[in-house]
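What follows is a short report on a single structure.
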Amino acid sequence: MKTISALLTPDYMFDTYDCVTPEFLSSIGIKALLIDIDNTLAPYEQAEPDERIQGWIASLARAGIKVAFVSNNNAERVE
């Protein structure tokens, strides 16, 4: 049986979110992502997703990879 710490150890690490390509995700059988917004996709002060974020999310969608956003920020920010 694995311990909790072993379950939370990453198998892969990337410098930026867009280094996680749809091709890579598909190659390891990933069909959906839970993505944190603040300080992962965008800094707190960035109110809207920029073209880079939009392009990356669109590439995931084209590859059939579903995306759900998670955040501990307020509902307005997440929407």
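The values are calculated or read from the model by the stated rules, or taken from the named source; none is laboratory data. Only a predicted model underlies this, so the values are computations on that prediction, with no experimental measurement involved. Cβ atoms come from the backbone with ideal geometry, glycine included; neighbour counts cover every protein chain shown. Areas reflect the complete protein model, heavy atoms only, side chains present, ligands, DNA and RNA absent. Shrake-Rupley method; radii C 1.70, N 1.55, O 1.52, S 1.80 Å.
For this structure, a couple of remarks:
- Scanning segment 10-50 for residues that are of a type in the set (Asp, Glu) and at pLDDT 95 or above turns up just one, Glu23.
- Residue that is nearest to Asp11 (Cα to Cα), among those in segment 56-79 that are free of Cβ contacts under 8 Å to residues at least 24 places away in the same chain and open to solvent by less than 50 Å² (accessible area, probe 1.4 Å): Ile57
- Complete set of residues in segment 21-42 that are free of Cβ contacts under 8 Å to residues at least 12 places away in the same chain and surrounded by 14 or more Cβ atoms within 10 Å (Cβ to Cβ): Ala42
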